[in-house]
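The values are calculated or read from the model by the stated rules, or taken from the named source; none is laboratory data. Please read all numbers here as calculations on a predicted model, not as lab measurements. Here Cβ is always computed from backbone atoms with ideal geometry, including for glycine, and neighbour counts include all displayed protein chains. For the accessible areas, the whole protein counts, side chains as well, though only heavy atoms, and no ligand, DNA or RNA atoms are used. Shrake-Rupley method; radii C 1.70, N 1.55, O 1.52, S 1.80 Å.
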Amino acid sequence: MKQINKAVVKKDAYALLSGKPLFTDDLAMKDCLIIKILHSPHAFAKILSIDTSMAKKIPGVEAVFTYEDVPSSRFTLAGQTYPEPSPYDRKILDQIVRYVGDEVALVVAVDEETALKAMKLIKVQYEVYPPVLDFRNALDSSSIIHPEEDYRTLCDIGNDRMRNLCAHDESNYQDVDAVFPACDVVLERTYHTKANAQAMMETMRSYAYIDAYGRLNCVSSTQVPFHIRRILSNALEIPKSKIRVVKPRIGGGFGAKQTGCTEIFSGFVTWKLKKPSKIVYTREETLTASNSRHEMQMRVKIGASKEGIIKAIDLYTLSNTGAYGEHGSTTVGLSGHKSLPLYNHVEAARFTSDVVYSNTMTAGAYRGYGATQGLFAVESIVNELADALHMDPCELRFKNMVKENETLHMYYGEYLNSCALDRCLRKAMEMIDYQNKPLCLDLGDKVRGLGVALSMQGSGIANVDLAAVEIKLQDDGFYTLSIGATDMGTGCDTILAQMAAECLDCSVDQVVTQGVDTDYSPYDTGSYASATTYVTGMAVVKACEILRKQIIEEASILMEVDPSHITFDGDKIEAIEDQKEMLLREFANRCFAGGKGKALIASASHVSPTSPPPFMAGIAEVDVDKLTGEISIHDYVAVVDCGTIINPNLVRIQAEGGIAQGIGMALFEDISYAEDGKMRNRSFLQYKIPTRLDVGNIRVAFESSYENNGPFGAKSIGEVVINTPSPAIASAVAHATGFQVRTLPITAEKVLLRKDED
């Protein structure tokens, strides 16, 4: 292959390095009205009265909007394929506020200073209700967070809002209760992962304007432009035909921008006033009033023989969706369905889940999307099982791990075409010299520990999400590739161009990738669920095959030869038997010259019937200071099976970045709330994310496999890489100290005090 598995430089690399104005706020109109939001100071309250009269008198204030001014329809901000499995449980502004930070009023002014001045003059009287701040006490609480009668769901998700139950589900493979009594060793543990902020560089933002045709145009930093169009239509109660969404360059998302946020505010203001408007969240607003990873508590029971054969696993997950239900029912599913299949040989397995509302900030999507939390629990108890059996944790995994050509009982019955997990673990062991190191090594002032973990993810959502592309042959013989997939820094604009170039035997520079505009781009569900390379990539392959066939057919007409005589090598069209040839450049220009020629355009879409898992093995080597309890990463090795690698540079960056985020989750990141429901971590001074100095030595390698259903044998890479650090580091710390921390993050205080909860 000429373009696949080549380290092609990202198409926008030099623009980014030179600081070109590519992002939402750079492109906003200079005369935009500025929107600022008055956020609720209470975790749970009803607005009894709201006086905006003084605010409206400030010169330069265009309008102040409250719940009395917005449409009455409820909707969801979840960027998911319709019908969304997230409840329609929110309004643009509501009389009930459900967390500290919920929106109370929109102030619209000529500049930010005026808007902030006016905001201070709004007088609100609240009736304050007892909040539910600990999600473990939410189910059947006397405080009902969503009592409204117009609440609705489009799918059966086991919802019971009057119990604060957003979703419930149960999956079974055989009878776990019958298997456990026959096990030699049975462990039962509870693990707790906290909410985490996605902490992308670019905060939430969007701007809107009305075009010459009276249509609402929304420019937004989003991962899901087509879903945003539907969200705006639902929220504003206007048809989708009146809405256009444009996605410029995104300054990171990590899942946060799979949920709508600011678009409903700029869209509402502009539609109402017929004037352009802009809203840019501060870092504090992004941390406290957008969305985070779902906090989860997981109870795991595992049974095994004394030889280390795992016979049964029972997982119960309780998930906190916060004030609203975006992604609640779907993230929790991954906590079991993308952790339990790693041990597919069990005699029985059960996965039960509840998702509850609480009066904390809404949870949403974050890289790993529930699998991260579930894998922390399942991999941690497997490590604890190995210690209980006095068995090496890698040896235990080799005895039990999933293999190629198996049917995954707890992964929707999918058949596993490709899996190099065993080779991933062996290579990771070689990289860190595992066989020659003890699990615990006393270094004097410090103790060094080793820990291991496996992970899997998916590649798109099977039989649900759709990707479409359109490719055109342009004059002079270059191509334009129109995609609906969203490049959020991952490099999909480049990767998809590489696939097109491979199919058409041309250079990547001959393929111009066009970004997302819902008016002009083919439909794509968006960049989430690790779907782009696998799902959109297959759409690219299909479209290029169609275009290549069109080129041969049209060339046969122009050259007056039989199509079967023609060969096309990407540069030259040749009919050897007829002794005729034509350069692609000449052919393309003749296509646009009229007469016999015609424009060649190919489009294709793809929905995958499967979601093949990528796999990863990670081994952490950590040092724990005996005096202070400080934990530092000495070495972290990871080996990933993502099928055929499309771009080695970009896949390595994905892996290293995901591991760094996983280390942050394991050791540093912790969203917490005060007794009044106010988030404590309102800036990067309080919410600690790791710097390059904190993540130690990260080394990444890859094991190849070939996925028959993927483009050129590729699977996904984006999410699987964040999942191994937490359980691997927890086990390494346990080996170093003799104390297992089961509530993240793993801090020096917990290690020193041998106290799991804060």
Taking the Cα centre as origin and putting +1 on Lys and Arg beta-carbons and -1 on Asp and Glu beta-carbons, what dipole magnitude results for the range 590-741, to the nearest 20 debye? 1040 debye
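Take the chain, mark every one of the GluC sites (Glu not before Pro) that falls in a DSSP loop and has at most 11 other Cβ within 10 Å, then report the longest stretch left between them, sites excluded. Display every interim value, and only then the final one.
On the way: sites that count: GLU68, GLU149, GLU307, GLU560, GLU675, GLU757.
Value returned for the longest uninterrupted segment is 308-559.
Obtain the radius of gyration and the Kirkwood radius of the range 370-415 from its C-alpha atoms and give Rg over Rh.
Working: Rg = 12.5 Å, Rh = 12.0 Å.
Rounded to two decimals, Rg/Rh equals 1.04.
Work out the FRET efficiency for MET162 and ILE238 from their Cβ-Cβ distance, taking R0 = 35 Å, and round it to the nearest 0.05.
On the way: r = 32 Å, r/R0 = 0.91.
Once rounded, the FRET efficiency stands at 0.65.
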With all protein chains present, calculate the accessible area of THR190 using a 1.4 Å probe and round the result to the nearest 10 Å². 60 Å²
Please list, or write none, the lysines whose alpha carbon is within less than 26 Å of the alpha carbon of LYS117, excluding same-chain residues fewer than 8 places away. LYS30, LYS36, LYS46, LYS56, LYS57, LYS91, LYS272, LYS274, LYS275, LYS278, LYS678
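Quick one: net charge around MET54, please, counting Lys, Arg +1 and Asp, Glu -1 for every other residue with C-beta under 15 Å from its C-beta. Show your work: numbers first, answer last.
Numbers: positive: LYS56, LYS57, LYS117, LYS120, LYS123; negative: ASP51.
After counting each charged neighbour, the total is +4.
At a Förster distance of 30 Å, what's the computed FRET efficiency of ARG136 paired with ILE689, Cβ-Cβ distance as r, to 0.05?
Working: r = 26 Å, r/R0 = 0.87.
E between ARG136 and ILE689, to the nearest 0.05, is 0.70.
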Running Debye on the range 655-758 with equal point scatterers at the Cα sites and no solvent, what base-10 log of I(q)/I(0) appears at q = 0.10, 0.18, 0.24 Å⁻¹? -0.39, -0.96, -1.31
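Find how much the distance from ASP184 to VAL128 grows on full extension, using 0.36 nm per residue of separation minus their present alpha carbon separation; answer in nm with one decimal.
Numbers: separation 56, 0.36 × 56 = 20.16 nm, distance 5.33 nm.
Gain on extension, ASP184 to VAL128, equals 14.8 nm.
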Can you give the net charge of the other residues whose Cβ lies under 9 Å from the Cβ of ALA182, counting K and R as +1 and D and E as -1? -1
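If you put +1 on each Lys and Arg Cβ and -1 on each Asp and Glu Cβ, how big is the dipole of the chain around its Cα centre, in Debye rounded to 20? Working shown, then result.
Values: 78 positive and 98 negative charges, 323 e Å.
In debye, rounded to 20, the chain gives about 1560.
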Between the range 288-320 and the range 345-389, what's the alpha-carbon centroid distance in Å? 3 Å
Once the range 410-560 is represented by equal point scatterers at the alpha-carbon sites, with solvent omitted, what log10 I(q)/I(0) does the Debye formula produce at q = 0.09, 0.11 Å⁻¹? -0.48, -0.63
Hey, of (1) 41, 38, 22; (2) 57, 33, 25; (3) 51, 31, 26, which did the structure itself give for semi-axes √(5λ) of the Cα gyration tensor in Å when calculated? (1)
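Please list the three semi-axes, largest first and in whole Å, of the ellipsoid equivalent to the range 282-397, using sqrt of 5 times the eigenvalues of its alpha carbon gyration tensor.
With the √(5λ) rule applied to the range 282-397, the semi-axes are 32, 14, 10 Å.
For the full complex of protein chains and a 1.4 angstrom probe, list ARG423, ARG367, ARG152 by accessible area with the highest value first.
Details: ARG423 90, ARG367 25, ARG152 115 Å².
I get ARG152, ARG423, ARG367, largest accessible area first.
Note down the magnitude of the dipole of the range 701-754 about its Cα centre, charges +1 on Lys and Arg C-beta and -1 on Asp and Glu C-beta and zero elsewhere, to the nearest 20 debye. Each step should come with its number before you reach the end.
Values: 4 positive and 4 negative charges, 61 e Å.
So the dipole magnitude of the range 701-754 works out to roughly 300 debye.
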Spacing of the two label points (7 Å from each Cα toward its C-beta) at ILE601 and GLU560, in nm: 3.0 nm
Cα lying deepest toward the dipole's positive end in the chain, options GLY79, VAL179, THR533, charges on Cβ: GLY79
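Assuming 0.36 nm per residue, please report the length gained on full extension of the stretch LYS20 to THR407 beyond their Cα-Cα distance. Intermediate results must be reported in sequence, preceding the final value.
Numbers: separation 387, 0.36 × 387 = 139.32 nm, distance 4.90 nm.
Working it through step by step, the gained length comes to 134.4 nm.
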Give the share of C-alpha pairs in each 5 angstrom bin for the range 236-329, from 0 to the last occupied bin, in whole percents, shortest bins first. 2, 9, 14, 16, 13, 12, 8, 6, 5, 5, 4, 3, 2, 1, 0
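Tell me, what is the per residue accessible area of the range 386-439 in Å², probe radius 1.4 Å? Kindly include the intermediate steps, with their values, before the conclusion.
Values: 2500 Å² over 54 residues.
Heavy-atom accessible area per residue stands at 46 Å².
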Quick calc, SER305 & ASP177: beta-carbon distance into FRET formula, R0 22 Å, rounding 0.05, result 0.80
Would you calculate the separation in nanometres between label points at ALA748 and ASP569, each defined as 7 Å from the Cα along the Cα-to-beta-carbon direction? 6.6 nm
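Counting other Cβ atoms within 10 Å of each Cβ, which chymotrypsin sites (Phe, Trp or Tyr not before Pro) in the range 147-229 have at most 14 and sit in a DSSP loop? Spell out each step's value before the answer.
Numbers: sites: TYR151, TYR173, TYR191, TYR207, TYR209, TYR213, PHE226; in loops: TYR151, TYR213.
Taking the range 147-229 and a limit of 14 other Cβ atoms within 10 Å, the loop chymotrypsin sites (Phe, Trp or Tyr not before Pro) found are TYR213.
Given the -39500 (n - 2.57) contribution per DSSP H run of 4+ residues, what per-residue ellipticity at 222 nm results for the chain, rounded to the nearest 500 deg cm²/dmol? List each step's numbers first, then the result.
On the way: 18 runs with 184 residues, N = 758.
Helix-only estimate at 222 nm: -7000 deg cm²/dmol.
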Need one number: nm distance between label points at ARG585 and THR282, each 7 Å from Cα along Cα→Cβ, rounded to one decimal. 5.7 nm
